[in-house]
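Here's the structure we're looking at; comments come further down.
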Amino acid sequence: MADKRDYYEVLEVAKGASDDDIKKAYRKLARQYHPDVNKAADAETKFKEVKEAYDVLSDAGKRSQYDQYGHIDPNQGFGGGGADFGGGFGDIFDMFFGGGGGRRDPNAPQRGNDLQYTMTIEFKEAVFGKETEITIPRTENCDTCSGSGAKPGTKPETCSTCRGTGQQEVVQNTPFGRMVNRRACSTCSGTGKIIKEKCTTCHGAGKVKKQRKINVKIPAGVDEGAQIRLSGEGEGGTRGGPSGDLYIVIRVKPHDFFERDNDDIYCEVPLTFAQAALGDEIEIPTLTEKVKLKIPAGTQTGTYFRLKGKGVPRLRGYGQGDQHVKVTVVTPTNMSDEQKELLRQFAGVGAPAGEVQHEHHESIFEKMKKAFRGD
Ligand SMILES: [Zn+2]
Ligand SMILES: [Zn+2]
């Protein structure tokens, strides 16, 4: 309220402008800023400002009050008429521009709404795909009345007030002449039809809420955030319009042992100091099976090995990604006295090695054990 612009300034007219000039200015500006026409971010604000200025300046009483006292809090002053914009843009637009403002034919078919369903699946289900059944609440056409809303054996009748157009013309005589304002027909609430005997299943709505079971096939290789569109499984259309679509949004639970980056799988495998130093052949869990991996002598901790084709099947196209195995050399703990002595000899030092617990590395062992079990 604080920084309200002067109404004359808003309409770009002089203080003593005639009613006709004010009306012309409003028409011009309303056309310029109408949100149906002007997509600028501030168009609606500007339009409201113009409308409010016009509401005041086009009313002789309000205008003289404004000329004397300036802006008045609408809560105390003009009964809020200027600021209240509940009527929507359509009516005003129609009033000036001849009703072409994108009104819908109330009898035209209308497509149903799209629906979205978030589905959380296991890591391996995303890799290999899954077929499942979900239950979603959705609005469907009423079977009893085939969506008409009328009791079976009867039909909705054309509204006699608006002759089926769903609109009513309200003619107002104003100081500027006759103004024709179109509103939704009050008899039929804009539907253009009157239902004398309502369908008892849907109470005249033509639609019912249903819990619908839907079979969903998740393709192998989907990843976090993937969307699956089930055409026509959204809400039912109106007056014979098509149904909307159902979008399944995929969330994937993380895995303890495997990590995924697109089509590639990553894992971390522990090696003992001896395995790393002397080389070995170890078993690695993959998504499908155990495979053998040769560790060459002198392998450093942090080295990656690639298991070709052991990754995720590609969602589109052929082949699959790889599995990358990172080896981590684990410092031994709980060694026997003999082992310690041998290690001292190896290191060529006499000092005892510290017995440090490596919880991080123990957890790698645990995770790999679980992966071998197929978890
Ligand atoms: Zn009507
Ligand atoms: Zn019905």
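Computed quantities for the displayed model
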read-out	value
Single unsatisfied condition, V171 versus (1) open to solvent by 50 Å² or more (accessible area, probe 1.4 Å); (2) at pLDDT 90 or above	(2)
Residue among S189, S160 that alone is on the phi > 0 side of the Ramachandran plot and free of Cβ contacts under 8 Å to residues at least 40 places away in the same chain	S189
Selection count where residues are surrounded by 15 or more Cβ atoms within 10 Å (Cβ to Cβ) and either assigned to a helix (DSSP H, G or I) or in contact with a strand residue (DSSP E or B) (Cβ under 6 Å, 6 or more places away or on another chain) (or both), scope region 111-120	3
Of all residues making up region 264-309, the number that are open to solvent by less than 80 Å² (accessible area, probe 1.4 Å) and assigned to a helix (DSSP H, G or I)	4
Number of the condition not met by E140 [criteria: (1) away from ligand 1 (no atom under 16 Å from the Cβ); (2) open to solvent by 40 Å² or more (accessible area, probe 1.4 Å); (3) not polar (S, T, N, Q)]	(2)
Filter result (among the hydroxyl-bearing types (S, T, Y) and farther than 21 Å from A60 by Cα) within region 18-40	Y33
Within region 198-240, considering residues that are open to solvent by 70 Å² or more (accessible area, probe 1.4 Å) and at positive phi, the one nearest to ligand 1 (Cβ to nearest atom)	R239
Region 163-178, residues that are within 16 Å of ligand 1 (Cβ to nearest atom) and either free of Cβ contacts under 8 Å to residues at least 60 places away in the same chain or hydroxyl-bearing (S, T, Y) (or both)	R163, G164, T165, Q168, E169, V170
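The values are calculated or read from the model by the stated rules, or taken from the named source; none is laboratory data. Keep in mind it's a predicted model, so treat the numbers as computed, not measured. Cβ atoms come from the backbone with ideal geometry, glycine included; neighbour counts cover every protein chain shown. These accessible areas exclude ligands, DNA and RNA; they are computed on the full protein's heavy atoms, side chains included. Shrake-Rupley method; radii C 1.70, N 1.55, O 1.52, S 1.80 Å.
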